[in-house]
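Derivation of every value follows stated rules applied to the coordinates shown; laboratory data play no part. What you see is a predicted model, and the numbers here were worked out from it, not measured in a lab. Note: ideal-geometry Cβ built from the backbone for every residue, glycine included; neighbour counts use all protein chains shown.
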Amino acid sequence: MEFYAKWISIREPETEDECYVIKTVDDLYSFAAIVNGANGMSKQERACAKQVADITVNKDFLKPDGTLKFSDDDLVVWTPIQNFRGTFDGQGHTINGLFYASSYVVGVGLFANLKGDVEGDGAVVKNVGIAQSYLKSSGQAGAIAGTVEGNVLLEGVFNSSIISAGLAGGLVGLVKQNGHLLVRNVFNIGSVRSGDDVSVGGLVGKINSGSFVRIVNSFNGMVLSNGNSNLINCNSDSLCKVEHSYYLSLDSVESVGSAATQLEFADGSIAKALREYDSDEIDGSMWGQNIGVDSYPNLTGEINISGAPVIPSYPGDAPESSSSETLESSSSENPESSPSDEVDPDSSSATDGLDFQLKKIPVVSIYTFKNEIFVDEFDGFVTVFDVNGKLLSKSYSNGTARIKVNRPGTYIVMAGKRMWKVLLKR
């Protein structure tokens with residue numbers, strides 16, 4: 001018999017249109033017991049579920065660096081759903097705070113493993129996000145499933161959690177032999193870690209021979225534990241096909257799909273491209289983004305603009321003050337100089353053709369003089385990026401900031417949530 005936390009009540013959830021209705025933690029764990037045939041429940045591997053509310057199992061249990069705030073004994077442990085062949089429709093909701101950490105279980109995720117017939121229908125998981133969760137195994141792990149066998153469809157799902165395993169993928173750890181996985185309109189912005197450099201992928205970790213994975217209109221926006229940002233660990237057309245999908249651009253690292261910079265993710269360019277994708281079988285209209293708030297596209301279905309693009313900074317991207325690119329950052333009076341080209345929030349260049357307008361924001365002065373950039377009349381953090389969106393400098397301004405770079409070129413300067421394009425000439 002499976003063990004569940006004492007405070008969780010295992011009982012058959014309500015049904016609607018022959019599907020179990022998942023609206024509470026109790027419902028989620030009860031559905032797992034039904035599919036697994038645990039806690040006295042009759043086993044139903046082909047069960048159907050519809051999630052009707054966001055669900056949080058463990059709240060606020062991760063530190064900013066991804067480690068646990070509490071001991072394992074203080075957390076409610078998730079029991080992955082096994083051998084699932086049915087349909088799980090999250091209906092746009094998230095499951096937050098799943099926790100599992102064991103070296104003894106092979107498949108770890110919302111589902112341990114998803115199954116389908118080699119020819120015919122199989123498991124379908126759609127319209128659900130796994131957020132603020134921690135899933136760890138010495139075997140295979142992914143936010144949605146540890147492993148996949150037979151025909152399986154993932155659509156409109158995402159991961160923004162920590163996945164750590166021998167074979168790790170943002171969504172799926174391993175596609176087994178004779179597995180046929182179709183992935184469309186999905187994304188990963190979670191941390192995906194593996195001790196094996198060739199067994200980790202932003203969406204799918206590894207594919208066994210005799211299997212096939214197709215990825216369409218999707219993206220991975222995070223750097224993986226091996227220093228890459230690939231969508232899938234695959235270099236063979238006989239094993240995978242990637243269509244109209246993006247991965248985070250890194251210096252001298254190429255992968256299947258199209259490379260996109262952090263700035264392109266943040267400024268709505270990728271959201272617009274994903275949203276406009278339309279084919280007989282795939283509709284991209286579910287993509288959206290609130291530019292100025294969201295650093296990445298999401299599945300909200302609307303693109304809005306609330307401010308200048310917000311580009312996330314990651315540990316290790318650049319030192320807090322100086323580097324080989326940024327030699328000095330300090331306060332200074334503003335010298336006589338020429339102004340930079342500010343990216344006007346109301347101009348088309350600020351939004352790359354998106355038909356929206358920004359609210360007026362108080363003016364912050366940006367000047368250049370020789371190889372220095374000056375930010376005047378601003379209190380707060382000032383960040384400098386190259387044109388590819390790579391973070392070069394982050395420093396705090398007490399009214400006026402002075403940033404020195406060692407070569408000419410075009411730079412992106414952000415003061416708070418405002419952005420300027422600056423050209424330095426020698």
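Numbers below:
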item	result
Order of 246, 20, 277 - criterion: other Cβ atoms within 10 Å of each residue's Cβ, fewest first	277, 20, 246
Residues 411, 396 arranged by fewest to most Cβ contacts within 10 Å	396, 411
Long-range HN-HN contacts of residue 249 with modeled amide H, under 5 Å	260, 261, 262
Estimated vicinal HN-Hα couplings, Hz - the stretch 13-27 in sequence order (Karplus 6.51, -1.76, 1.60; Gly, Pro = x)	x, 5, 10, 8, 6, 6, 10, 6, 9, 10, 10, 9, 4, 4, 4
Convex hull of the stretch 15-260 built on C-alpha atoms - directionally averaged projected area, nm²	12.6
Equivalent ellipsoid semi-axes, the stretch 143-292, via Cα gyration tensor eigenvalues times 5, rooted, Å	22, 18, 13
Ranked list, fewest to most other Cβ atoms within 10 Å of each Cβ, for 29, 100	100, 29
Loop trypsin sites (Lys or Arg not before Pro), the stretch 17-103, which have at most 10 other Cβ atoms in a 10 Å radius of their Cβ (DSSP)	59
Derived scalar couplings ³J(HN,Hα) [the stretch 105-119; Karplus, 6.51 cos²θ - 1.76 cosθ + 1.60; whole Hz; x for Gly, Pro]	9, 6, x, 10, x, 3, 10, 5, 8, 10, 10, x, 5, 4, 10
When each of 59/390; 126/272; 59/176; 241/421 is checked by Cα-Cα distance, pairs over 30 Å	59/390; 59/176; 241/421
Longest to shortest principal axis, alpha-carbon extents of the stretch 51-140, angstrom	45, 31, 20
Net dipole in debye of the stretch 15-260 [+1 Lys, Arg Cβ; -1 Asp, Glu Cβ; about Cα centre; nearest 20]	140
Amide H contacts under 5 Å for residue 206, placed H, 5+ residues apart	174, 175
Ratio of the Cα radius of gyration of the stretch 11-58 to 2.2 N^0.38 Å, where N counts its residues	1.06
Simple Cβ-charge dipole of the stretch 148-249, Lys/Arg +1 and Asp/Glu -1, about Cα centre, in debye nearest 20	60
